[in-house]
Structure formats: C-alpha cells, structure tokens
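Below: the structure, in structure tokens.
The values are calculated or read from the model by the stated rules, or taken from the named source; none is laboratory data. The structure displayed is predicted, hence computed values, not measured ones. Methodologically, a virtual Cβ is constructed for each residue, glycine included, from the backbone with ideal geometry; neighbour enumeration extends over all protein chains shown. The area values use the complete protein model at the heavy-atom level, side chains included, leaving out ligands, DNA and RNA. Shrake-Rupley method; radii C 1.70, N 1.55, O 1.52, S 1.80 Å.
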Amino acid sequence: MKLKNIFILGTAVFSISACNESSFLDNPPQGVVSENVLMSADGADQLCTAAYAALMGPNPQDWSVWWYPTTHWTTGAVRSDDALKGGGGTGDGFETHRLETFTLDATDGVTDSKWYHLFVSVQRCNSALKVLNDCSEEQVPNKNVRIAEMRVLRAHYYFELQRLFNQIPYFDETVAEDAVSTIPNNEFTREQLLEKIAAEIETAINSLPESQSEVGRVNKFMAKAYLAKVYLYRAYEQNAGNHAVTSINKDYLSKVVSLCDEIRQSGRYGLLDDFQQLDLVQYDNSKECIWDIQYSMNDGSNSAGRINWSMLLNAPQGPYSGDGFFLPSQDLINAFQTDGNGLPEFNYQSMADFDQVAFTDNFVTVSANDHNVDPRLDFIIGRPNVTWKTYTTTPCLATWVRDRGTYGYHCAKRFFVSPESADMYPGWPWGASALNWHMIRYAHILLWEAEALVELGRQDEARPLINEIRNRSAQSDYVKAYTATFEHGNCPNYGGYAANYKIAEYPAAGWTQDYARQAVRFESRLETALEGERFFDLVRWGIAADVMNKYIQCEQDIRPYYQGSKFTAGKDEYLPITNNQYKFSGQNYVQNPGYASF
C-alpha cells in the first residue's frame, strides 16, 4: 500500500524547530499529539512521519504550497525556457511573473516562504533524529533504519535549498534551537555543502534495506539514486563570485556512472512501455518509479485528500474548470520538431514556430504543423484541436487557456488524469487525483549516466542509454487525431495521428563528444519537459545566461511582456536571500552575488 499514514499524520504532529509551526495544530486531521509524547520513544515514528509529510510541502493546503511548489513548476520550469506562468495575466500571481522575467529582489514574499518551508522540513528531520538518537534499539526496533531515512530526507531538503539559494546555513540535530539564527549562511561553500549532503546519504545507505514494507519509505536504491544526482551537481564546479562553471570533476562523474550502473543492474527498475503511463494512477510506484512522492485521495483528511497541492493552480479550464497556470512556451513546442531521419532539429530556433494558432470569432485555425515532431510533444503538451488524453467529448480547445492574448493557446497536458477518469476528484480542487509525483524515475538514471559518460569521453557507452529512452517514445501509442465534428473545426489527420510523428535512435556515425553532449542535453529537456528540472540543468551546465537570453529574444516576439527582460549572469542562477531572513539572522547573512546588498 502507499504510505498514506505518513501524510495523514503529517499535520497532526508538533515539530521542534526554530520556525514557528503552531499553525500545524489548527486543523489536525487526527488530533494533536502532546510534545511530551513526541519527544519520547512513543513519538519517534510520528516525528518521522512529519518529516516525510514535508515532501508534499509542510501543511500544503493551509500554507498555499501552490505558490511554493515542491514540483518546481515555478522555480525550475517557469524560470526556464520550458514554461510560462499563465493564469489570468501577468498580474495574476505577480511574484511568479517576476520570477519568470528575472525581476525578483530581496523583498519577494514567495521566495521568503520557500526558504521558510524548506527549513521547516529540515527541522522536522532534526526533531526526529534528536529523539531517535536518544532511544535504544529495544525502544525503537528499527531505529537505525529510521535514522538513515531521516538523514536522506534531510539531505534532500538541504539539496533543494542549496540549488535554489546557494548560500544557506547548515546545521544538524545537535544544534540548539536558539543558536540556529546565529549560524551564517556563508560558512560553507557550494562544494562543501554538496559534500555534506553527499556524506549524509552515503552514511545512510549502509543502514537502509533494499526494500521497505511500506511503499514510499526510503530504501537503499532510492538513496543511491539521490546520491548520483548530488554527485552530478558536484561534478560541475562553480566560481563562487559569478557561478560560472570552472571545471568538471571526473572523479565525481565516475561516481555517478557507478551508482547509476548499480541501479540499472539491480533488475528492479526499467522504463514503462508507454510514456503516457507516467500520468496514470495505476502506474504509481511502478518499475520506472525509483522515488515517488506519495499522494492519495478520499483518505479521511481534509478536502479531496492528500493530493498534489503543488499543482492546484495548473489544471486547464474546459472540463477541469481549472485556473490555467503553468503553460508550455512556444520554444519548448518548437524543440520537439525532428528532421527527416527522426532526429532532433538542434537549430529549431531558426525555424518557423510549430503549431501556429489563430483564434477569431470563436473559431480556431492551426497552421505550420506539418513538420515532423517527436511524439512526446502530444504526450506532454495540449494543442488546440488535438485529442486530450482519453477524453472524447472534445479535443483540447483554445478556450482552455484563460488569457490567450498573453500566453497563447497551449496547455500543460502532463501531471493530470483524463477529466472523465474515475481517478479524478469531482470539483475543487480542480484536476486533483491520487497521482504520485515522480521525483526520481528510471529515465532520469539513464540520462544522468549518459551525461556523465559523455563528459568522461565515453560517449559511445552513452548512446545506447539515450536511445533506450527514444525507443520507448517511438514504441508508445501515438496520439490519434480527433476526428469528431465540433463547433471549433476539425483537427488534421496525418494517417490517423494528430501530427507527423517521427523519432529515431541516434546512429553511431558522427557520434563525437561534442555532438553527444548536445544530444544528451537535448534529450534531457524533451524527456523531462515541465518536470521542473530544466532551469537547474542549465545552471549546472553553466549555460543558463546564453540559453535564457536567446530564449527571451525569440519568445518576446509573441510574448511582449518579455521585452526588457534579461537573465544576468552571476546573479540570476540563484534566488536572493530575502530581507526577512536577513532580519531573522540578526543581520548575520550575506546576500548572493548580483543582488543589492542588505
């Protein structure tokens, strides 16, 4: 079964932390547990439960986690060339608009709350570890396993903090609460922080079992997968003053290869047969899912259940009646075009926009959509007049986007079940279901190992890994054309499909290191599109400024609100340390490079 009790109990426990979590006791689904009970062996398991619950955002419904999402749709996708904020115009969720246009400063409230939420999550782990450390194995028979789980979770929350804010205070459960605010945020460099995070996970791996009786608890392979990700980030060493990549550490890359190999050779994991199965509830915790954040519906908690509140705003209108945030960029749509051999068009930005949509007098016309495309385009993105999942009433319609004049006509198709499905919650919260969030999946392992192999000069070993992903897409069921007549016109029919789908494996000919590097980075974008990792990839590779400024230049022709926007190298790779946190530290923190000093 899913680890539902972890999320049900998550808001019912009291976490000892430097942050004030009293609001967690306002609406507990199962009552309040006293501090005396929690700070004893009897409360150890509930403290661990609270640390797990923070994976979905601490107290997500009451703390508006949709603006501070654990899925990184704002900080990792909208801040990249993959997505637009969407919603009801640039003023709707204005702080996220500032994130999209790189106009944030230290007064930003959403940024401040994201920092706060993550440190609440860290302190939940610390609270559990304090109790576990003082318990005997007789009192808590699985003590060492639980300690290891908490260390991996704490490493995850610190990793998120580091790649968002770069300069952060680091402390463990031995630090007194009243001393937390005195810890500077520049005590450790980026490399030192990632070293500490890696060490946490490496220590934990020794105590973790290969499998757990409750799905969702950290096991040895989940920890190894996360460790591979940390080492991949460590490998790209950065200049502290301007965030430029100065070197790539081959020892760390070799560690990535070794860890990913262990996971692949375990025989426990593999790609699902069809890419679209990733968005079906029945494939939660499947062979592709190495680490799923567990969600559930109708589980006895408030509202729809322990659903993915991070995606609350993002369901389109139409049959979902959603708020229509988080829309794909035209640049992402264009990137799915393929050449006559079924390989990516790396120079897609010099080509005409794919799927140009005009909407006049409630009638849609779509043009420039005859070029070959990767089938993942229509697995991931909703295009007007094209079949939407298994919904038969209408195809995706232009009217599903709220502010078409600002954001165009395309929707994010992933991360939602089909609207007629029994797995979707009826009514508000719009588009809710028990669909898990795939934090680490097998495709990521293939991409990470391929990337490391390419940088090690072993690109011939990387090509089969990339091709395994491309072949899965080729073998998936392509989206069929919507052939029924409806009031906004018919969609085209390319031999029964919604587009000219053409995708092929990379051949051995011409597979140089430079070409392979371009291929694996391109594949990473397409395979993980809208999963919230794109911006962090660009920063890790040291190409964020070049990519984002070229993107802004191209996209502003159809998105005028981008005019005047600019990604500033040496600044915009990380979020600012906010004024509130500076005050909390007793003016002990330093600001990230590029932002105005406190």
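Numbers at a glance
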{"quantity": "Residue that is nearest to Cys554 (Cα to Cα), among those in the stretch 89-134 that are open to solvent by less than 10 Å² (accessible area, probe 1.4 Å) and assigned to a loop (DSSP other than H, G, I, E, B)", "calculated": "Thr101"}
{"quantity": "Residue tally, condition open to solvent by less than 70 Å² (accessible area, probe 1.4 Å) and either aromatic (Phe, Trp, Tyr) or not in a loop (DSSP other than H, G, I, E, B) (or both), over the stretch 347-364", "calculated": "7"}
{"quantity": "Residue that is surrounded by the most Cβ atoms within 10 Å (Cβ to Cβ) [pool: residues in the stretch 381-397 that are hydrophobic (A, V, I, L, M, F, W, C) and over 25 Å from the mean Cα position of the chain (by Cα)]", "calculated": "Val386"}
{"quantity": "Residues of the stretch 305-321 that turn out to be assigned to a loop (DSSP other than H, G, I, E, B), surrounded by fewer than 24 Cβ atoms within 10 Å (Cβ to Cβ) and on the phi < 0 side of the Ramachandran plot, as a count", "calculated": "1"}
{"quantity": "Residue under evaluation Lys255, criteria (1) surrounded by 14 or more Cβ atoms within 10 Å (Cβ to Cβ); (2) in a loop (DSSP other than H, G, I, E, B), criterion not met", "calculated": "(2)"}
{"quantity": "Residue in the stretch 282-300 that is of a type in the set (D, E, K, R) and touching a His at 6+ places or on another chain (Cβ under 8 Å) present", "calculated": "yes"}
{"quantity": "Residues (open to solvent by 20 Å² or more (accessible area, probe 1.4 Å) and either in contact (Cβ under 8 Å) with a residue 60 or more places away in the chain or in contact with a strand residue (DSSP E or B) (Cβ under 8 Å, 6 or more places away or on another chain) (or both)) located in the stretch 398-418", "calculated": "Thr399, Arg402, Asp403, Arg404, Thr406, Tyr409, Phe415"}
{"quantity": "Matching entry among Ile445, Ile440 (being touching a helix residue (DSSP H, G or I) at 6+ places or on another chain (Cβ under 7 Å), in a strand (DSSP E or B) and either buried (at least 24 other Cβ atoms within 10 Å of the Cβ) or at pLDDT 95 or above (or both))", "calculated": "Ile440"}
{"quantity": "Matching option when the condition is touching a residue at least 40 places away in the same chain (Cβ under 8 Å), within 30 Å of Gln330 (Cα to Cα) and of a type outside the set (D, E, K, R), among Phe119, Phe102, Phe159", "calculated": "Phe102"}
{"quantity": "Test: residue in the stretch 529-536 that is more than 30 Å from Val230 (Cβ to Cβ), assigned to a loop (DSSP other than H, G, I, E, B) and not charged (D, E, K, R)", "calculated": "no"}
{"quantity": "Residue in the stretch 467-476 that is of a type in the set (A, V, I, L, M), farther than 28 Å from Gln294 by Cβ and assigned to a loop (DSSP other than H, G, I, E, B) present", "calculated": "no"}
{"quantity": "Counted residues, the stretch 574-598 - those being open to solvent by 50 Å² or more (accessible area, probe 1.4 Å) and part of a helix (DSSP H, G or I)", "calculated": "4"}
{"quantity": "Residue in the stretch 189-204 that is open to solvent by 10 Å² or more (accessible area, probe 1.4 Å), modelled with pLDDT of 95 or more and part of a loop (DSSP other than H, G, I, E, B) present", "calculated": "yes"}
{"quantity": "Lone qualifier among Ile183, Ile168 - being surrounded by fewer than 23 Cβ atoms within 10 Å (Cβ to Cβ), more than 29 Å from Asp42 (Cα to Cα) and either out of contact with any Gly (no Cβ under 6 Å at 6 or more places or on another chain) or of a type in the set (Asp, Glu) (or both)", "calculated": "Ile183"}
{"quantity": "One residue from Arg268, Arg264 being basic (Lys, Arg), over 24 Å from Lys571 (Cβ atoms) and in a helix (DSSP H, G or I)", "calculated": "Arg264"}
{"quantity": "Of all residues making up the stretch 387-433, the number that are at positive phi and among the small types (Gly, Ala, Ser)", "calculated": "3"}
{"quantity": "Every residue from the stretch 100-137 that is on the phi < 0 side of the Ramachandran plot, of a type outside the set (S, T, N, Q) and within 20 Å of the chain's Cα centre (by Cα)", "calculated": "Glu100, Val110, Asp112, Lys114, Trp115, Tyr116, His117, Leu118, Phe119, Val120, Val122"}
{"quantity": "Count of residues meeting criterion [outside any loop (DSSP other than H, G, I, E, B) and either at pLDDT below 95 or open to solvent by 40 Å² or more (accessible area, probe 1.4 Å) (or both)] in the stretch 225-250", "calculated": "6"}
{"quantity": "Filter result (open to solvent by less than 10 Å² (accessible area, probe 1.4 Å), among the aromatic types (Phe, Trp, Tyr) and within 13 Å of the chain's Cα centre (by Cα)) within the stretch 49-88", "calculated": "Trp73"}
{"quantity": "Complete set of residues in the stretch 168-187 that are more than 20 Å from Lys114 (Cβ to Cβ) and under 26 Å from the mean Cα position of the chain (by Cα)", "calculated": "Asp172"}
{"quantity": "Which listed residue is without any contact (Cβ under 8 Å) to a residue 24 or more places away in the chain and touching a helix residue (DSSP H, G or I) at 6+ places or on another chain (Cβ under 8 Å), from Gln581, Gln556", "calculated": "Gln556"}
{"quantity": "Residues located in the stretch 285-298, provided they are closer than 15 Å to Gly216 by Cβ, open to solvent by less than 20 Å² (accessible area, probe 1.4 Å) and in a loop (DSSP other than H, G, I, E, B)", "calculated": "Gln294, Tyr295, Ser296"}
{"quantity": "Residue among Ala516, Ala498, Ala529, Ala544 that alone is buried (at least 22 other Cβ atoms within 10 Å of the Cβ), touching an Asp or Glu at 6+ places or on another chain (Cβ under 8 Å) and closer than 20 Å to Ser247 by Cα", "calculated": "Ala544"}
{"quantity": "The stretch 209-224, residues that are out of contact with any strand residue (DSSP E or B) (no Cβ under 7 Å at 6 or more places or on another chain), assigned to a loop (DSSP other than H, G, I, E, B) and either closer than 15 Å to His444 by Cβ or open to solvent by 10 Å² or more (accessible area, probe 1.4 Å) (or both)", "calculated": "Pro209, Glu210, Ser211, Gln212, Ser213, Glu214, Asn219"}
{"quantity": "Criterion violated by Asn334 - all others in (1) in contact (Cβ under 8 Å) with a residue 24 or more places away in the chain; (2) in a helix (DSSP H, G or I); (3) surrounded by 20 or more Cβ atoms within 10 Å (Cβ to Cβ) satisfied", "calculated": "(1)"}
